[in-house]
Amino acid sequence: MFAVLKPFIFPSEDAIKFAIKLSIAAGLALFIAFCLDLNQPQWAAATAVIVAQPHSGMVVSKGLARLVGTLMGTVIALVVTALFSQTPWLFILALSLGLMICTAASTVIRSAWSYSFVLAGYTTAIIVLPDVFKPLSIFDYAIARCTEICLGIICSSAVFAILWPVKVFHGLIVEASNIWQAGLTSACMTLKGESVNEDLLNSLAKIVAIDAQREHALFEGGDGRNRAKAIQNMCHDILALLRAARGFSRQIRFLTKEDREQLQPWINDCIETLTKPTYKSLNVLAKRLREKDHLDRPLPQQDIIARLEMVIQCAIFAGLDLASVRAGKLKRKAKTSYLSAHRDYSLGLFFGLRSGLAFLILSVFWMIFGWPISEASGSLMMVAVICSMFANKENAAQISMGFLRGTCYAVVVSFVVSQLILPSWSGFPLLWLGIGIPLFISSLGMVKPAITGTCTVFSINLLMLCRPTNHGFQSTEMFINQSLAMPLGIIAAILAFHLVKINTSYWQGKYMLGAMLKDLRKLTQSSIKGAETWFGGRMADRLVLLARHRSIMAENAEKRWYDALHIMDLGDEILNLRTSLAKQITLQVSLDTYLDTLEKVFEREPNEMSVDRLNRASVRLKTIIREKSLDTRGVLAISAIMQIQQVWSAWYQEQKVQQEDEYGIA
C-alpha cells in the first residue's frame, strides 16, 4: 500500500516539475476557453493533459499527431452524418467500419503517427454521438471540438517548451552510448566464437527502441534534427556491424586449423581494439587490415581479413555517428533511408474487426432497447475510446482494467468537487483551486510507469465529469447518468477483449515466416540501394517481436526465433554477394540467373529438393567466378555463396531433426 502511495507522498523533483507544468497548461487552456466562451471548455483542458509528456519534443510530436487525428475524425464524422444520418442502422454500421479501419491502421503503422489513427477512431464517435439526432448542428459541433483541441495542444506545447524544458536528446545521448557499447560487446563475443543470441537480442531491442524515439527529436530545433539523422545513421551502422561479425563467425568455420592459427593474432587485435575502442586505434587497425601484403595470403585467409576490415569499418562509422549525436552536428552525410518496421496486416485486420464488433454490439443494444442518447452517449464514446486505444494490444483487457480503476476514482472525486464544493464557489481562481488540486496530485503519479495509465485516465475523466463552463456545472441527474454510462462502456469493451481474442504469439510467428521469406525473395530482385536498411530494420524488429513470446510458448517461438536468425543470415550473404559483384559486368548474367534460382528456392521453407537445387546453382556460379575473377571481390562473392549454401542446408537439417522428434518413425 505504501509503495502505491509513495509517488504522491514523497514525489521526486521531476514529478513535481511535471505536475506543475501540467497543471499550468490545463489551467491556461481552460481559462482561455472560458474567455472565448467555447461550448465545452473541458476538452481544451483534457487535451492539455492528454498530450503532456516529460520531454518537450514528445509534447509537440504527440500534439501534432493528435491534431491530425482530430481533423481526420472530423472529416469522417461529417461524411458519415451527411450520408447516413436518416438511416440509423447504416449510420451505426458506418461508425463501426470507421472505427475498425482506424484501429487496423494504428496497428499496421509502427511510428508516432499511429496515434493519429487512434484519435481519428474515437474522435468520430465523440463528435457524432452527442448530437446524433441533430445532424444540422454536427458541423458547428465539429468546429468547436477542433478549436478546443487545438487550444489544448498549443497551451501544453508552449508551457512544456518554456517552463523547465526537458529535451529528448538528453536521453537519446545516453541510449546512443549504450547501443554503441552493446554493439561492440556483441561483436567482440562473436569474434571470440561465443554464443551471442541474448546479446544480439539486447542490441537489436535497443536499436528498435531508439529509432522510435528518434522521431521526437525532430521537433527540437536544428540540433535535434541533426541528432535524429545521426541516430538514423548509427542504427544502420550498428546493424551492419552485427551482421559483419556474424558473417565472420560463419565463414571462419570453413578454415583449416593452420589458417586459423595464422589469423589468430589479427583476430585478437580486433577483439582488443573493440574492447577499448578509440577513433585512432580503430583507424590504425583498419589501415593495417587494408595493406597489400594480405593479397599474398591464401584466398580463405583473404576472405577473413576482408570481413574483419568490414567489422572495424562499421565500428568506426558507428563511433562517428555517436560523436554526432553528442555534438548535435553531423560528421557524416545522413542516410536517405529509414529502418523499416515489420507490418502485420492480418493481425491489424483482426484487431480492427474486434474493435468494430465491440462498438457495433453496444450500438445495437442501444437501438433495440431505446436507450436515451443522453445516457447512452457516454457508454458508446467510452467503447470507442477503449477500442481505439487498446484493441490492438496483446493485454488489452488488463490495460482496460487500469482505465476502469482510474475512471471509478474520478467519479468519486469529481462528484465531491462538482456537486458539493464548486457550486458554492464563484470565480475562475476558486474553480481551478477545486479542480486543480486533485489534478496536481494525480499528475505526480503520471511519471511512474506502473501507474501512469490510471493517473492519466483519472485526470482526464476528472475534467470531463466536472464539465466546468461559463454557465455553471452539469446537473446531478446528468452527472449520475454519465458516471454510470462511462464504466459500463469500459466493461463492455473489456468483455469484448475477453470473448474475441487470438493467440498473438502463434499467429504472429506463423505470419512472420511467410513475410520473411517474401522479403528474401524481394532481396534477390529489388535494387540494392537502400536494401540493407529496409531488410535489416525489418529483421531486427521481427527478432525483437518473436523474442517477446519465447517465454509464452517456448517451443514454437524458439523455432521461429531460429528461423528468423537463419533468414537474417541468408539476407546478409545475399547483400554481400550482390555488393561484391555489383561492378563485375562480365558476371551480371550469371549472377541474375543465380538470383532467379534463389527467388524460386525461397518460395517455401527448405526441403531436400530445394537444397539440391541451390547447391547445383551455387557450384555453377562459383566455377564461373573462379574463371573470370580472382580478386578480393571475387573471393568475397564465393564466400557469400558458400554461406548461403551452408545456412540453407543447416536450416533444412534442423527442420528434419525436429520433424523426426515430432513424428518418430511415421
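The values are calculated or read from the model by the stated rules, or taken from the named source; none is laboratory data. These numbers were taken from a predicted model, which means no experiment stands behind them. No Cβ is skipped: glycine too gets one built from the backbone with ideal geometry, and neighbour counts run over all protein chains shown.
So is residue 340 modelled with pLDDT under 85 and touching a Gly at 6+ places or on another chain (Cβ under 6 Å) or not?
yes
The rows are residues; the columns are (1) free of Cβ contacts under 8 Å to residues at least 60 places away in the same chain; (2) aromatic (Phe, Trp, Tyr); (3) over 30 Å from residue 645 (Cβ atoms); (4) part of a helix (DSSP H, G or I).
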| site | (1), (2), (3), (4) |
| --- | --- |
| 229 | no, no, yes, yes |
| 240 | no, no, no, yes |
| 243 | no, no, no, yes |
| 248 | no, yes, no, yes |
| 251 | no, no, no, yes |
| 261 | yes, no, no, yes |
| 268 | yes, no, no, yes |
| 280 | yes, no, yes, yes |
| 286 | yes, no, no, yes |
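Hey, can you tell me all the residues within the range 182-199 that are part of a helix (DSSP H, G or I) and either β-branched (Val, Ile, Thr) or farther than 19 Å from residue 277 by Cβ (or both)?
If the condition is that a residue be part of a helix (DSSP H, G or I) and either β-branched (Val, Ile, Thr) or farther than 19 Å from residue 277 by Cβ (or both), then 185, 190, 197, 198 are the ones that fit.
What number of residues within the range 215-236 are modelled with pLDDT of 75 or more and surrounded by 24 or more Cβ atoms within 10 Å (Cβ to Cβ)?
Final tally of qualifying residues: 7.
What number of residues within the range 1-24 satisfy the criterion of being in contact (Cβ under 8 Å) with a residue 12 or more places away in the chain and not basic (Lys, Arg)?
Residues flagged as in contact (Cβ under 8 Å) with a residue 12 or more places away in the chain and not basic (Lys, Arg) within the range 1-24 amount to 14.
Give just the number: which of (1) crowded, with 21+ Cβ neighbours inside 10 Å; (2) of a type outside the set (Phe, Trp, Tyr); (3) touching a Phe, Trp or Tyr at 6+ places or on another chain (Cβ under 8 Å); (4) farther than 30 Å from residue 162 by Cβ does residue 66 not satisfy?
(4)
I'd like to know if the range 436-451 contains one or more residues that are of a type in the set (D, E, K, R), modelled with pLDDT under 85, surrounded by fewer than 19 Cβ atoms within 10 Å (Cβ to Cβ) and within 30 Å of residue 342 (Cα to Cα).
Within the range 436-451, one or more residues are of a type in the set (D, E, K, R), modelled with pLDDT under 85, surrounded by fewer than 19 Cβ atoms within 10 Å (Cβ to Cβ) and within 30 Å of residue 342 (Cα to Cα).
Step by step: first the residues of the range 182-214, then only those that are of a type in the set (Lys, Arg) and under 17 Å from the mean Cα position of the chain (by Cα), then the one that is surrounded by the most Cβ atoms within 10 Å (Cβ to Cβ). Which residue is that?
214
Restricting attention to the range 573-599, which residues are assigned to a helix (DSSP H, G or I) and aliphatic (A, V, I, L, M)?
The answer is 574, 575, 577, 585, 587, 589, 591, 595, 598.
Could you tell me which of the residues 27, 63, 69 is closer than 30 Å to residue 91 by Cβ, assigned to a helix (DSSP H, G or I) and touching a residue at least 24 places away in the same chain (Cβ under 8 Å)?
69
Note down all Cβ pairs under 6 Å where the first residue falls in the range 317-333 and is in contact (Cβ under 8 Å) with a residue 60 or more places away in the chain, the second is aromatic (Phe, Trp, Tyr), and they're at least six residues apart or on different chains.
Once the first residue is in contact (Cβ under 8 Å) with a residue 60 or more places away in the chain and sits in the range 317-333, its partners that are aromatic (Phe, Trp, Tyr) give 318/180; 319/279; 322/180.
Take the range 600-646 and flag every residue that is at pLDDT 90 or above, in a helix (DSSP H, G or I) and under 33 Å from the mean Cα position of the chain (by Cα).
Matches in the range 600-646: 600, 601, 644.
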